[in-house]
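Shown below is the structure under consideration.
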């Protein structure tokens, strides 16, 4: 699947672009092919998961989050239930028989979800926009609102998901007293070899009168983090990707490594960062268990041990 998507670097016209190019990325399709066919991949291992949410007889009344896996979170923020980049499928792929396969089951059984008010999608890649999951969620609750980047609405609507709103960077919408803002990050988008960057990508800011939350989706390092803080303030909690970063020569423009994840948290001036985007699918070359190990080593070196939380999938995280 990754090969399938990378081809479009050379054969599609881009509609959207990033604000910055910190890494001056100069990788070529030849570099990508050399990597994909070298045949050296990390071992498949499973990270520890929790049954806390699935077994809960009563859920907290206060704000909480549950990591479902990858970039998928259930966020209960006062009186609103939000799902970010939900993927409950066995593979992050357009095909049921090939493509990245889950290492762990979802941290929440889809049938145990509370009524969902809002689903947010960060971008079009299959590990973040899983149409089978979106169709199941829409079937469960036709009142769920699906917030997507510019030009992605038609994909959902053509699949039968009708309650869709497209948003551009810095657009806002208020739902149940929550102000939601679509913010810029550094990434790209595609679903086929012919549509690179024809749809937008970004992160999601959720604000009430008592809390500010930020979900960065998928991103490389960018000065957009400083801009987000300047425009919106310091998030109380920031959901920041920490995995899918090797080989650095190819991934530096698309994915944060753990050291950059820490810098992103510092740029944002967040009170607490929550690590995500690791341990669910094998997309890149680093060993599955390395992202939190490397992150914690750097946090210790910087005397910032309390900055990041690395939850287990299925664990209930207090956002108070």
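The values are calculated or read from the model by the stated rules, or taken from the named source; none is laboratory data. Quick caveat, the model's predicted, so the values are computed rather than measured. No Cβ is skipped: glycine too gets one built from the backbone with ideal geometry, and neighbour counts run over all protein chains shown.
Please work out if residue 163 is closer than 19 Å to residue 82 by Cα, at pLDDT 95 or above and in contact with a helix residue (DSSP H, G or I) (Cβ under 8 Å, 6 or more places away or on another chain). So that I can check it myself, show each step before the final result.
Details: closer than 19 Å to residue 82 by Cα: yes; at pLDDT 95 or above: yes; in contact with a helix residue (DSSP H, G or I) (Cβ under 8 Å, 6 or more places away or on another chain): yes.
Spelling it out, residue 163 is indeed closer than 19 Å to residue 82 by Cα, at pLDDT 95 or above and in contact with a helix residue (DSSP H, G or I) (Cβ under 8 Å, 6 or more places away or on another chain).
Residue 287 passes all but one of (1) modelled with pLDDT of 95 or more; (2) surrounded by fewer than 20 Cβ atoms within 10 Å (Cβ to Cβ); (3) outside any loop (DSSP other than H, G, I, E, B); which number fails?
Result: residue 287 passes all but (3).
Across the range 225-234, what is the total count of residues that are farther than 20 Å from residue 24 by Cβ and surrounded by 24 or more Cβ atoms within 10 Å (Cβ to Cβ)?
Of the residues in the range 225-234, the ones farther than 20 Å from residue 24 by Cβ are 228-234.
Filter once more, so that each one left must be surrounded by 24 or more Cβ atoms within 10 Å (Cβ to Cβ): 228.
Summing the residues that are farther than 20 Å from residue 24 by Cβ and surrounded by 24 or more Cβ atoms within 10 Å (Cβ to Cβ) in the range 225-234 gives 1.
A further question follows. Quick test of your reading of the structure: residue 128 fulfils all but one of (1) farther than 15 Å from residue 75 by Cα; (2) within 18 Å of the chain's Cα centre (by Cα); (3) touching a residue at least 40 places away in the same chain (Cβ under 8 Å); (4) not in a loop (DSSP other than H, G, I, E, B). Name the failing condition by number.
(4)
If residue 87 satisfies every condition in (1) in contact (Cβ under 8 Å) with a residue 12 or more places away in the chain; (2) more than 17 Å from residue 127 (Cβ to Cβ) but one, which is the exception?
For residue 87, the exception is condition (2).
Would the range 191-199 turn up any residue that is in a strand (DSSP E or B), more than 28 Å from residue 63 (Cβ to Cβ) and either within 15 Å of the chain's Cα centre (by Cα) or modelled with pLDDT under 95 (or both)?
Looking for residues that are in a strand (DSSP E or B), more than 28 Å from residue 63 (Cβ to Cβ) and either within 15 Å of the chain's Cα centre (by Cα) or modelled with pLDDT under 95 (or both), one finds none in the range 191-199, hence no.
Then there is this: Would you check if residue 222 is outside any helix (DSSP H, G or I) and either surrounded by fewer than 21 Cβ atoms within 10 Å (Cβ to Cβ) or on the phi < 0 side of the Ramachandran plot (or both)? Break it down into steps so the answer makes sense when it comes.
Values: outside any helix (DSSP H, G or I): yes; either surrounded by fewer than 21 Cβ atoms within 10 Å (Cβ to Cβ) or on the phi < 0 side of the Ramachandran plot (or both): yes.
Against the criterion (outside any helix (DSSP H, G or I) and either surrounded by fewer than 21 Cβ atoms within 10 Å (Cβ to Cβ) or on the phi < 0 side of the Ramachandran plot (or both)), residue 222 qualifies.
Which of the residues that make up the range 146-160 are part of a loop (DSSP other than H, G, I, E, B) and touching a strand residue (DSSP E or B) at 6+ places or on another chain (Cβ under 6 Å)? Even if it seems obvious, please write down each step before you answer.
Initial filter on the range 146-160 (part of a loop (DSSP other than H, G, I, E, B)): 150-152, 159-160.
Of everything in the range 146-160, just one residue is part of a loop (DSSP other than H, G, I, E, B) and touching a strand residue (DSSP E or B) at 6+ places or on another chain (Cβ under 6 Å), namely 150.
Report, by residue number, each residue of the range 168-187 that is more than 16 Å from residue 214 (Cα to Cα) and surrounded by 22 or more Cβ atoms within 10 Å (Cβ to Cβ).
187
Also, I was wondering about something else. Has the range 112-120 got any residue that is surrounded by fewer than 23 Cβ atoms within 10 Å (Cβ to Cβ), at positive phi and touching a residue at least 12 places away in the same chain (Cβ under 8 Å)? If you could, list the steps in order and put the result at the bottom.
Quick first cut of the range 112-120, residues surrounded by fewer than 23 Cβ atoms within 10 Å (Cβ to Cβ) only: 112-117.
Keeping just the survivors that are at positive phi gives none.
Within the range 112-120, not a single residue is surrounded by fewer than 23 Cβ atoms within 10 Å (Cβ to Cβ), at positive phi and touching a residue at least 12 places away in the same chain (Cβ under 8 Å).
Identify, from the list 255, 277, 215, the residue that is buried (at least 21 other Cβ atoms within 10 Å of the Cβ), out of contact with any helix residue (DSSP H, G or I) (no Cβ under 7 Å at 6 or more places or on another chain), within 22 Å of residue 24 (Cβ to Cβ) and at pLDDT 95 or above. Quick ask: steps written out before the conclusion?
Numbers: 277 fails: within 22 Å of residue 24 (Cβ to Cβ); 215 fails: within 22 Å of residue 24 (Cβ to Cβ).
Going through 255, 277, 215 in turn, just one is buried (at least 21 other Cβ atoms within 10 Å of the Cβ), out of contact with any helix residue (DSSP H, G or I) (no Cβ under 7 Å at 6 or more places or on another chain), within 22 Å of residue 24 (Cβ to Cβ) and at pLDDT 95 or above: 255.
As an exercise: evaluate residue 210 against (1) part of a loop (DSSP other than H, G, I, E, B); (2) under 24 Å from residue 66 (Cα atoms); (3) in contact with a helix residue (DSSP H, G or I) (Cβ under 9 Å, 6 or more places away or on another chain) and give the number of the one condition it does not meet.
Single failed check for residue 210: (3).
A follow-up question, please. If the requirement is being touching a residue at least 12 places away in the same chain (Cβ under 8 Å), closer than 27 Å to residue 221 by Cα and more than 16 Å from the chain's Cα centre (by Cα), which of these qualifies: 163, 168? Give the derivation first.
Numbers: 163 fails: closer than 27 Å to residue 221 by Cα.
Within the list 163, 168, the selection yields 168.
Another question about this same structure. So in the range 190-205, with the set limited to residues that are in contact (Cβ under 8 Å) with a residue 40 or more places away in the chain and within 14 Å of residue 168 (Cα to Cα), which one is surrounded by the most Cβ atoms within 10 Å (Cβ to Cβ)?
At the first step, the residues of the range 190-205 found to be in contact (Cβ under 8 Å) with a residue 40 or more places away in the chain are 190-204.
Restricting the remaining residues to those that are within 14 Å of residue 168 (Cα to Cα) gives 197-204.
Values: 197: 22, 198: 20, 199: 25, 200: 24, 201: 27, 202: 31, 203: 27, 204: 24.
Once the filter is applied, the top-ranked residue is 202.
Filter the range 90-99 down to residues that are buried (at least 18 other Cβ atoms within 10 Å of the Cβ) and either outside any loop (DSSP other than H, G, I, E, B) or in contact with a strand residue (DSSP E or B) (Cβ under 7 Å, 6 or more places away or on another chain) (or both) and give me whichever is modelled with the highest pLDDT. Lay out the reasoning, then the answer.
Filtering the range 90-99 for residues buried (at least 18 other Cβ atoms within 10 Å of the Cβ) gives 91-93, 99.
Filter once more, so that each one left must be either outside any loop (DSSP other than H, G, I, E, B) or in contact with a strand residue (DSSP E or B) (Cβ under 7 Å, 6 or more places away or on another chain) (or both): 91, 99.
Details: 91: 97, 99: 91.
Out of the qualifying residues, it is 91.
Applying the selection to the range 258-274, what residues are surrounded by 20 or more Cβ atoms within 10 Å (Cβ to Cβ) and in contact with a strand residue (DSSP E or B) (Cβ under 8 Å, 6 or more places away or on another chain)?
260, 261, 262, 264, 265, 268, 270, 273, 274
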